[in-house]
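Read through the structure below, which is laid out as C-alpha cells, and then see the notes.
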Number of protein chains: 2
Amino acid sequence: MKLHNFNSGPSILPQAVLTQAAEAIINYNQTGLSLLEIGHRTNWFQEILQDAKDSVKQLMELDDAYEVLFLHGGATTQFMQVPMNLLDTKATAAYCDNGVWGNKAFKEAKLFGNVQVVADSSDRQYRYINKGFPIPEDATYLHFTSNNTVEGTQWHTYPDTHVPLVADMSSDIFSRPTDFKKCALIYAGAQKNMGAAGVNLVVIKKEILGKINRPIPTIMNYQKHIEAGSLMNTPPVFAVYVSMLTLRWIIEQGGLAEMGRRNKTKSELLYNTIDALPLFDAPVAKEDRSQMNAVFFLNDPALEEPFLALCKQEGMIGVKGYRTVGGVRVSMYNALPMESVQAFCDLMHAFAQKHA
Amino acid sequence: MKLHNFNSGPSILPQAVLTQAAEAIINYNQTGLSLLEIGHRTNWFQEILQDAKDSVKQLMELDDAYEVLFLHGGATTQFMQVPMNLLDTKATAAYCDNGVWGNKAFKEAKLFGNVQVVADSSDRQYRYINKGFPIPEDATYLHFTSNNTVEGTQWHTYPDTHVPLVADMSSDIFSRPTDFKKCALIYAGAQKNMGAAGVNLVVIKKEILGKINRPIPTIMNYQKHIEAGSLMNTPPVFAVYVSMLTLRWIIEQGGLAEMGRRNKTKSELLYNTIDALPLFDAPVAKEDRSQMNAVFFLNDPALEEPFLALCKQEGMIGVKGYRTVGGVRVSMYNALPMESVQAFCDLMHAFAQKHA
C-alpha cells in the first residue's frame, strides 16, 4: 500500500535526500568511510557545513550582517537560549502567546528577565493570530511563533516595529518567500522542512549580541559559537548533513518561490475541500490558516473515530490531532507531494458521501 | 585501499550498525517509512528508546535507583548542565583537572557555584592521573574525566569517597567492565563507543536530584527529563537509533567483558610496539595509559612529518595528535578491529627499520 505521510514532525523528507543520506552512511562521497565515522574538523565536514550555511543565506537573501549557526538541540533549547543571550535581568522582552509553543517560550524567558505578553489568543483556543497590538518601544525584542504546528495558524505578515523580531520558524521555515530581513533572530528545529531531528538552525543579526551583562555558559553563547564557526564542540554531523541535502533540494526545485507555489496549491485544495463539505469544520480564522498544518474537526464528534480509522486503513499517516486539541491535523510540508493531498481530499469526499 | 580508521571521534562504528542504520533511512523495519520521517511519540520510536535504555542498564548492571536519559548535545553541554542541576550557588564542587576536557568542565561549573580543583596534573602536561589526593567531605560532588582523549590517560580505578562521583565517560564508556555503581552521575557524548554524534547519554542516581534552589530552565532540568521519559521535546531520533544498535552490538559480541578483553589486547600490542622501538616515545605515565587513545611522539621531531605522511599513504586515518599536543594519537575504540592495530604496528616496525 502506498503510504501518505502527513506527520507533523519529524515528517516527510524528499526521497532524493533519503537516498543520499543512506548512501553516505555506508560510504560518504566515495571516501570509503561512513559519514558517521569522519571527524568534524575534516575538510569533508567543513564543506558540508559551509554548503548548508551558504544555502541558508541564499534562500533567506541575507548579507553578512547575519550569521548562520547549526546547533545541538531543537527549538525548545532556544526557548532558553534566546533570553539567556539577549535579555538582561532587569529588561523586558515582549512575547506573543499564540499557541502551545509560544506559551512555553515565554515561560522559559521569565527565568532570565521580565516578560510582557503583548498578544494572546488563548481566549479562543489559539484559533487566530492577534493583529495591531501595541509593542512597547523599549522591549528588548518581540518573540513570535511564525507557524503554530499544534493549532494550525500562521503569521502571513510579520509585525512592523523597531523592536528586534525573534521568530520561532520551526514549522514553516523555507516553505515560502518571507521577509527574513525583518527579523533579528530566526530559529528552527530541523525536523519539518529542513531535515532530521537533532539540529537547530539559528540565524542571528550580529548587532543584537553583546548587550547584556549575564555570564553565559560557553555552550549556550551565540557569540562563542559564531567565533568557533559552529564547531565549538562536535556538531550533530549527520543531522547537519541531512539539512544540507534538504536545503540543496529546495534550491534545485526552484527555491522558496516554488515551495510557496506548491504549498499554496496544496493547502488551498485541502481547505477548499473542508469548506465544501458540511461534515467538516475548520474553526481557525480563515485569514490565519496555516499552509503547513490544517487543523479541523468533524461536526459530529462520533464520526471522528471512524474517519481516523479510515485514514489509517488507507495509509494516511499522522493525521490525528495534537493530544490537547483533538480532531484532525494534516501537515503538508515541502516534501509532501500534491498527490498525497489529492488522495486525502478524495478520501474526505468518499467519507462525506457515505455519511451524508 | 583498505582504510584503517583511528579517528578520535566521531570514530569507527561496527559495520553491522552502519548497514542497519542505512537501511532504516530508506525503510525502517519494513514500515514503508524512513526512520527520519516517523514521529517520536510512535510506538516505533518508543521501542527504540526503551531498547537503548534497557541496554545501558544491562551493560552497567544498574538498578532502579538510576535513570537513563538520552539528551540533545554532547559532553560539552553537560559541563554546564551538571552544575546547573546539582551545584547550589554557595556550595562547592570538587573537580579533577587532568586534561583539556576536565579543564573546560570546571571552568563552566564556576558560573554556578564554588569550584575546588582537588587534582591537577597540568604540571606535567596532563601526562598522568593524580592519586591519593584529599577530597573535601562537604563537596557536593567530585567530577572527573574517566578517559582523557587528547592526552591519552585513563583512570583505571575510580576514587574511593563518600562524595558523589560525577564522571565524564565520553571516550571510554562501554569499553570494559567498570564499577558504574560507584558513580552518582555518568555522562557521555555518543560519538566514540556508543554511536553517532548528536546525542548525550546521562545516567543519574535519582537521589542526588532536587537538592538545589536555583530555578532550572526546563530543557536543562534532569528531573523534568526523567518525568517526560527522555521525550520532553523531539529527541535526536536517528542518533538515539544508532546508539541503540551499537549497544545491542556490544551485548551480542559478549558485553563489556569481551570489549575489555579486546581493548586490552589491542592496546597492549600497540604500547608494546612503542616501547620496543627506540624511535618512538610514549611519555604518559605507564600505569595511566589509556586503552582507547595512545598518544606518542617520535624522538626525532624531524621524523614526525614523514611518519604521518606514510600513515596517510597506507590508509591509516586520524592518527595526527590533537592540535595542542602534537605527535601521534591512535584511537582504538570498540569497533576498531585487531587487524587495524596490527597493520599500524607493522607500519611502525617498517618505518623504524628504515630510519634505524
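Every number in this text was worked out from the coordinates using simple rules, so none of it is lab data. What you see is a predicted model; the values in this text were computed from it and never measured. Cβ sites come from the backbone with ideal geometry, for glycine too, and all protein chains shown count toward neighbours.
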(request) Please give the contour-minus-distance gain from residue B:157 to residue B:116: 0.36 nm per residue of separation, less the Cα-Cα distance, rounded to one decimal in nm. (result) 12.6 nm
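Percent of alpha carbon pairs in segment B:85-173 separated by more than 23 Å?
Working: 628 of 3916 pairs.
Percentage above 23 Å: 16.
Highest mean first, how do B:68-81, B:258-271 rank when packing is the count of other Cβ atoms within 10 Å averaged over residues?
On the way: B:68-81: 24.7, B:258-271: 18.1.
So the order, starting with the most tightly packed, is B:68-81, B:258-271.
When only C-alpha pairs under 8 Å and at least 6 residues apart count, what is the relative contact order of segment A:186-331, in percent?
Once normalised by length, the contact order is 14 percent.
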(message) Taking θ = phi - 60°, what integer Hz values does the Karplus form 6.51 cos²θ - 1.76 cosθ + 1.60 yield along segment B:178-186, in sequence order, with x for Gly and Pro?
(response) 9, 7, 4, 4, 5, 9, 9, 8, 10
(message) Can you give me the distance in nm between label points at residue A:50 and residue A:339, each placed 7 Å from the Cα along the Cα-to-Cβ direction?
(response) 3.8
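Please report the antiparallel percentage of the DSSP beta bridges confined to segment B:15-253, to the nearest 5.
Values: 13 of 29 bridges.
Bridges in segment B:15-253 that DSSP calls antiparallel: roughly 45 percent.
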(message) Run the simple label-point estimate for residue B:251 and residue A:206 please: 7 Å along Cα→C-beta, distance reported in nm.
(response) 5.0
(message) Less than 13 Å Cβ to Cβ from residue A:290, Lys/Arg counted +1 and Asp/Glu -1: what total charge do the surrounding residues give?
(response) +3
(message) I'd like the distance between the alpha-carbon centres of segment A:294-313 and segment A:322-356, rounded to an integer number of Å.
(response) 9
(request) Take the alpha carbon atoms of chain A, find their radius of gyration, then divide it by 2.2 N^0.38 Å using N residues; give the quotient. (result) 1.01
(request) Please give the FRET efficiency for residue A:42 paired with residue B:61, using the beta carbon to beta carbon distance and R0 = 51 Å, rounded to the nearest 0.05. (result) 0.85
(request) Could you check how many percent of all C-alpha pairs in segment A:227-337 are farther apart than 23 Å? (result) 45
(message) I'd like the distance separating the alpha-carbon centroids of segment B:22-42 and segment A:73-129, in whole Å.
(response) 33
(message) How long are the semi-axes of the equivalent ellipsoid of the protein assembly as shown, taking √(5λ) for every eigenvalue λ of the Cα gyration tensor, in whole Å from largest down?
(response) 46, 29, 24
(message) Take residue A:27 and residue B:27, extend 7 Å from each Cα along the Cα→Cβ direction, and tell me the distance between the two endpoints in nm.
(response) 2.2
(request) On a C-alpha basis, how far is the centre of segment B:136-162 from the centre of segment A:163-187 in Å? Whole number, if you could? (result) 45
(message) Can you compute 3J(HN,Hα) from phi for each residue in segment B:73-88, using the Karplus curve 6.51 cos²θ - 1.76 cosθ + 1.60 with θ = phi - 60°, rounded to whole Hz and x for Gly and Pro?
(response) x, x, 4, 4, 5, 5, 4, 8, 5, 4, x, 4, 8, 10, 9, 6
(request) Please get the size of the charge dipole for the protein assembly as shown, origin at its Cα centre, with Cβ charges of +1 on Lys and Arg and -1 on Asp and Glu, quoted in debye to the nearest 20. (result) 320
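Restricting to Cα pairs below 8 Å that are 6+ residues apart, what does the relative contact order work out to for chain B? Please round to a whole percent.
So the answer I get is 23 percent.
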